[in-house]
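The values are calculated or read from the model by the stated rules, or taken from the named source; none is laboratory data. Remember, predicted model here, so these are calculated numbers, not experimental data. Cβ placement follows ideal geometry from the backbone for every residue including glycine, while neighbour counts extend to all protein chains displayed.
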Amino acid sequence: MGLSKDVKSFTKITLDESEMPTQWYNIIPDLPSPPPPPLHPGTHQPVGPADLAPLFPMDLILQEVSTESYIDIPGEVLDVYRTWRPSPLFRARRLEQLLDTPARIYYKYEGVSPAGSHKTNTSVPQAYYNKKAGIKKITTETGAGQWGTALAFACALFDIECEVWQVGGSFDAKPYRRLMMEVFGATVHRSPSQLTEAGRKLALDPKNHSGSLGIAISEAVEAAVTDPTVAYALGSVLNHVLMHQTIIGEEALKQLAKVGETPDLLVGCTGGGSNFAGLSFPFIREKLKGKMNPEIRAVEPASCPSLTRGKYAYDFGDTAGMTPLMKMHTLGHDFIPDPIHAGGLRYHGMAPLISHIYELGMMTAESVGQKECFSAAVQFARTEGIVPAPEPTHAIAVAIAEALKAKETGEEKVILTALCGHGHFDLAAYDAYLNGNMVDSVLNDKDFEAALAALPVM
């Protein structure tokens, strides 16, 4: 049988190495107004490069505050990217058949990276710039472990020591993720730990036993600021991190163009926001130019709904209050989410840049419970052959729901999402779902009151 001449019949859409983007996209210059600046926690004045210098190399600080639309990707970083990039874009044909929908579902698959997720898109440049600055060691936090794994991999490539504080609940539930970090050479601690002042203090309260990303950030930051040869790296939230991820969306634009498609709905999971930003920002740029008009939708866990139920306010990025104040949608830096299986989405705040774009009305958001997410994940795995990480199952659940709506209306909607990683180290979560042991968190406003009442007074 010959190949169809209809390119829309293709299931896998690839790019050649020569087509891989060589620049990251900075969305800030294209926005109607700039996002509010981070503030010094003591003076409440905008922070400058000197305030960030104890944590980050100057190249990353300049990217954080850049007003340039595009930043060239260094050759050394491109060389590493070529190990797995360009990543494939798939059409979920068998899932579409199962749903009997006229919708066309595409997913950009980032699980092909050495660490198994999109996080390597920023861990590699962060390690590169730290190495260039003479940094000997990087500290960081991780939730489910994708970011810690990605940074451990990148540090191994650039011969930098890596020390990771992993959220306690995920540390306990995902031992193989910890082992993968250790294989790459990282030292991994359960957070809260007894190794830092912040950890020791926060561990005194039993509610903190399962930990949170905010607590782990506090510990990693404390460990970094005391030594000039040590720096800190963050896997989400900050502008430069979101910018590094835009290679996802830039590739997806080229791949969809090859088959003559433009999305009607772009949907991505959101915890801190890097995966969502990486996919959506280049499409928002094209929407602002009038070249397409997709709905941009963020999906977050119902147990940690910072966008849909949080307050837009200045707050600390960590639990102990060591970071600058950032204006973001937040549940309060004291909020400790339930230890749901999507550990990477258990952060109390949303990236300030995404929060700002949400406030501008340029995107929508919704939350989904984890049982609905895993139901969708099993449907996806049994049709597409990939076991998703728990995080992107939130976007998959909404993509399926929208495809079923299209079935009711007969609309040939094009849906694009990012499958940001595989779930090979998350099978315990699937075991809980398949055996009926998974429960959904039911939160009411009182669950947020105490943490929101503790927001910094401005």
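A search for C-beta distances below 9 Å between a residue of the stretch 75-94 that is modelled with pLDDT of 95 or more and any residue that is among the aromatic types (F, W, Y) and surrounded by fewer than 21 Cβ atoms within 10 Å (Cβ to Cβ), counting only pairs 6+ apart in sequence or on different chains, returns E76/F158; R91/F10. Filtered by the rule that a residue be β-branched (V, I, T) and not in a loop (DSSP other than H, G, I, E, B), the stretch 105-121 gives I105, T120. If you go through the stretch 33-49 and pick out every residue that is in contact with a helix residue (DSSP H, G or I) (Cβ under 9 Å, 6 or more places away or on another chain) and either exposed (fewer than 12 other Cβ atoms within 10 Å of the Cβ) or among the charged types (D, E, K, R) (or both), you end up with 2. In the set (1) farther than 19 Å from P392 by Cβ; (2) without any contact (Cβ under 8 Å) to a residue 40 or more places away in the chain; (3) touching a Lys or Arg at 6+ places or on another chain (Cβ under 7 Å), the condition left unmet by T149 is number (1). Answer with yes or no whether G2 is modelled with pLDDT under 95 and either assigned to a loop (DSSP other than H, G, I, E, B) or closer than 27 Å to G268 by Cα (or both). Yes, satisfied.
If you check D440, D447, which single one turns out to be out of contact with any strand residue (DSSP E or B) (no Cβ under 8 Å at 6 or more places or on another chain), of a type in the set (D, E), closer than 26 Å to Y312 by Cα and not in a helix (DSSP H, G or I)? Break it down stepwise before answering.
On the way: D447 fails: not in a helix (DSSP H, G or I).
Among D440, D447, only D440 is out of contact with any strand residue (DSSP E or B) (no Cβ under 8 Å at 6 or more places or on another chain), of a type in the set (D, E), closer than 26 Å to Y312 by Cα and not in a helix (DSSP H, G or I).
The residue that is nearest to I415 (Cα to Cα), counting only those in the stretch 261-305 that are small (G, A, S) and surrounded by fewer than 24 Cβ atoms within 10 Å (Cβ to Cβ), is G290.
For the stretch 412-428, indicate whether the set of residues that are part of a loop (DSSP other than H, G, I, E, B), within 30 Å of E261 (Cα to Cα), of a type in the set (D, E, K, R) and touching a residue at least 12 places away in the same chain (Cβ under 8 Å) is non-empty. For the stretch 412-428, residues part of a loop (DSSP other than H, G, I, E, B), within 30 Å of E261 (Cα to Cα), of a type in the set (D, E, K, R) and touching a residue at least 12 places away in the same chain (Cβ under 8 Å): present. Residues that are in a loop (DSSP other than H, G, I, E, B) and surrounded by fewer than 19 Cβ atoms within 10 Å (Cβ to Cβ) within the stretch 89-104 comprise D100, P102, listed in sequence order. Taking every residue in the stretch 177-192 that is in contact (Cβ under 8 Å) with a residue 60 or more places away in the chain and pairing it with any residue that is outside any helix (DSSP H, G or I) and of a type in the set (F, W, Y), at least 6 positions away or on another chain, the pairs with Cβ-Cβ distances below 6 Å are R177/F425. Every listed requirement among (1) in a helix (DSSP H, G or I); (2) without any contact (Cβ under 8 Å) to a residue 60 or more places away in the chain; (3) of a type outside the set (D, E, K, R); (4) more than 27 Å from G260 (Cα to Cα) is met by A401 save one, (4). All conditions but one from (1) more than 17 Å from P263 (Cβ to Cβ); (2) outside any strand (DSSP E or B); (3) at pLDDT 90 or above; (4) in contact with a Lys or Arg (Cβ under 8 Å, 6 or more places away or on another chain) apply to T393; the one that does not is (4). Here is the figure for the stretch 59-87: residues that are surrounded by fewer than 18 Cβ atoms within 10 Å (Cβ to Cβ) and under 30 Å from T383 (Cα atoms) total 3.
If the condition is being of a type outside the set (A, V, I, L, M), within 21 Å of Q146 (Cα to Cα) and in contact with a helix residue (DSSP H, G or I) (Cβ under 8 Å, 6 or more places away or on another chain), then the stretch 60-87 contributes Y81, R82, W84, R85, P86, S87.
Yes/no matrix, rows are residues, columns are (1) among the hydroxyl-bearing types (S, T, Y); (2) farther than 16 Å from Y347 by Cβ; (3) modelled with pLDDT of 95 or more:
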site: E161; (1), (2), (3): no, yes, yes
site: V167; (1), (2), (3): no, no, no
site: A173; (1), (2), (3): no, yes, no
site: Y176; (1), (2), (3): yes, yes, no
site: L179; (1), (2), (3): no, yes, yes
site: A198; (1), (2), (3): no, yes, no
site: N208; (1), (2), (3): no, no, no
site: L213; (1), (2), (3): no, no, no
site: I217; (1), (2), (3): no, no, no
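For the stretch 362-385, the set of residues classified as of a type outside the set (G, A, S) and surrounded by fewer than 20 Cβ atoms within 10 Å (Cβ to Cβ) consists of M362, T364, E366, K371, E372, V378, Q379, R382, T383, listed by residue number.
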